[in-house]
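Have a look at the structure below, then the notes.
The values are calculated or read from the model by the stated rules, or taken from the named source; none is laboratory data. Just so you know, these numbers come straight off a predicted model, no measurement behind them. Don't worry about glycine lacking a Cβ; one is built from the backbone with ideal geometry, like all the others, and counts go over all protein chains shown.
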Amino acid sequence: MRGESSTLPRIDDMIRRIDLRGVHGVDYRDAVPRADFDVEAAIPAVHAICEDVRVRGLEAVVELSAKHDGVEQSDIRVPREALTTALAELDPAVRAGLEESVRRLRATCQAEVEQDVVTDLGPGATVTHRKVPVDRVGLYVPGGLAPLVSSVLMNVVPAQVAGVRSIALSSTPQKDHGGLPHPTILAACELLGVDEVYAVGGAQAIAMFAYGVGPCARVDLVTGPGSIWVVTAKRLLKGRVGIDSEAGPTEIAILADEAADPAYVAADLLSQAEHDPLAAAVLVTTSEALADEVEAELDKQVSVTKHVERIRTALSGQQSGIVLVEDLDQGVAVVDAYAAEHLEIHTADAAGVAARVNNAGAIFVGPHAPVSLGDYCAGSNHVLPTGGCACHSSGLSVRAFTKSVHVVDYSREALLEVADHVVTLAVAEDLPGHGAAVGVRLESRDE
């Protein structure tokens, strides 16, 4: 008898296997497990929420919080004293962990700050590639199944290092905490000096940021992960406001051979499955023996963990599974096609194999770099592309909070050098006014 798990099926009865050994010439994106995260199906309901917020503003936000979060609000902005109290009452060990995480993340963020680049194209002709921070951002921190305090750090620190002038943050109001976000989230905001914090969750939070509602002025960019409601709102409002990505439920893929430790592999699959029933956990391995051992370890480890039903639901879902491949070449091809949010490499030559992978939000190399390290204290960012988007998108970073501006500075002589080319190309495009705009500057006149 093992408590809660005794009435549930064993892991090896639920986590499916997919055998791709000998299967070549196919699109592996269609062969590996993938979550059914249907943003299109959520669009009508989320569109109605966003329109309600656009039309009725603060009144709509308050009503939606009452409906979806069960809280009654008179003010959506978190009082200043709630932030200071939360930090004062924070467990010292938690504070120490947050401070170390901030220190490491700030170091990596500062290292990636891009400098302006000036290109000299000849006498009197320069183009400067200037990096400019976004003026105002809205940061979203999920607070549904778990108070993701680490997401406060992952959003705020790169924005601060980028030089963002105005930062607002919103998180789900909690009925158990007087209609405010979780105290640990508030404490992290205070620790980082973010004092514009809102108790608004879900799609209505994204709409609040996009339209400017009540005390919250409109933002230029929204970042942060969230539920399907949040993701759908970001898709619908993109253009009205900039977004970082459509980050959905978490996912982990592990590429392993016979050198892998099955206890480590199982623990890492479990660690991400506890996020959400829709979380994806995928093992890609060359070793059938390892697959058997991992299943046994999962059954043992899951039975004694806290969120048993949530984890088993995630592991038994269509988004999770064990994929057998014939060799590491095929394994690399499979994980590249899957383009995981988090990819761990547990092979004899982990660094060498990791160097061959192009598509992943973040790659964790070897037995001592679990995804949990990246979730908190690696110095990397854990807001990463999901759903295969890592084949074209990057995780959150300083770059997400900056934009590029080309500054073109030409003298009359430098313009004269290329004037004929400009006029010729303008004529080729049947846009004579473009050419005339150059010609008028080159007519003889007093300078």
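Hey, which of the helices (runs of 4 or more DSSP H) in the stretch 332-438, taking only ones fully inside, have at least 2 residues that are exposed (fewer than 14 other Cβ atoms within 10 Å of the Cβ)?
The qualifying helices (runs of 4 or more DSSP H) are 350-354, 412-428.
Can you give me the number of residues within the stretch 179-193 that are surrounded by fewer than 21 Cβ atoms within 10 Å (Cβ to Cβ) and in a loop (DSSP other than H, G, I, E, B)?
Number satisfying all stated conditions: 2.
Residues of the stretch 242-268 being assigned to a loop (DSSP other than H, G, I, E, B), in contact with a strand residue (DSSP E or B) (Cβ under 8 Å, 6 or more places away or on another chain) and charged (D, E, K, R), which ones?
Scanning the stretch 242-268 gives Asp244, Asp257, Asp261.
In the stretch 68-93, how many residues are modelled with pLDDT of 95 or more and within 27 Å of the chain's Cα centre (by Cα)?
Selection size over the stretch 68-93: 8.
Six or more apart or on different chains, Cβ under 7 Å: which pairs go from a residue in the stretch 48-74 that's within 23 Å of Arg235 (Cβ to Cβ) and in contact (Cβ under 8 Å) with a residue 60 or more places away in the chain to one that's of a type in the set (S, T, N, Q) and part of a helix (DSSP H, G or I)? Could you list them?
Ile49/Gln204; Val53/Gln204; Val61/Gln204; Leu64/Gln204
Which numbered condition in (1) free of Cβ contacts under 8 Å to residues at least 60 places away in the same chain; (2) touching a helix residue (DSSP H, G or I) at 6+ places or on another chain (Cβ under 8 Å); (3) β-branched (Val, Ile, Thr) is the only one that Thr402 fails?
Condition (1) is where Thr402 drops out.
Within the stretch 303-339, how many residues turn out to be among the acidic types (Asp, Glu) and either on the phi > 0 side of the Ramachandran plot or not assigned by TED's automatic domain parsing to the domain that holds Ala362 (or both)?
Total satisfying the criteria: 0.
Quickly run through the stretch 8-18 and pick out the residues that are surrounded by 13 or more Cβ atoms within 10 Å (Cβ to Cβ) and either modelled with pLDDT of 90 or more or in a loop (DSSP other than H, G, I, E, B) (or both).
Once the filter is applied, which keeps residues that are surrounded by 13 or more Cβ atoms within 10 Å (Cβ to Cβ) and either modelled with pLDDT of 90 or more or in a loop (DSSP other than H, G, I, E, B) (or both), the stretch 8-18 yields Leu8, Arg10, Met14, Ile15, Arg16, Arg17, Ile18.
Looking only at the stretch 230-241, count every residue that is surrounded by 24 or more Cβ atoms within 10 Å (Cβ to Cβ) and either part of a loop (DSSP other than H, G, I, E, B) or small (Gly, Ala, Ser) (or both) and tell me the total.
1
Scan the stretch 279-324 for residues that are in contact with a helix residue (DSSP H, G or I) (Cβ under 9 Å, 6 or more places away or on another chain), closer than 11 Å to Met14 by Cα and of a type in the set (S, T, N, Q) and report the count.
Residues that pass the stated criteria total 3.
If we scan the stretch 273-295, do we find a residue that is assigned to a helix (DSSP H, G or I), at pLDDT below 95 and among the aliphatic types (A, V, I, L, M)?
Yes - at least one qualifying residue is present in the stretch 273-295.
Let me confirm something: among Leu139, Leu105, Leu121, which residue is in a helix (DSSP H, G or I) and not acidic (Asp, Glu)?
Of the residues listed, the single one that is in a helix (DSSP H, G or I) and not acidic (Asp, Glu) is Leu105.
I want to confirm something. Restricting to the stretch 124-136 and keeping residues that are part of a strand (DSSP E or B) and in contact with a helix residue (DSSP H, G or I) (Cβ under 7 Å, 6 or more places away or on another chain), which single residue is nearest to Thr184 (Cα to Cα)?
If we take residues in the stretch 124-136 being part of a strand (DSSP E or B) and in contact with a helix residue (DSSP H, G or I) (Cβ under 7 Å, 6 or more places away or on another chain), then Pro133 is nearest to Thr184 (Cα to Cα).
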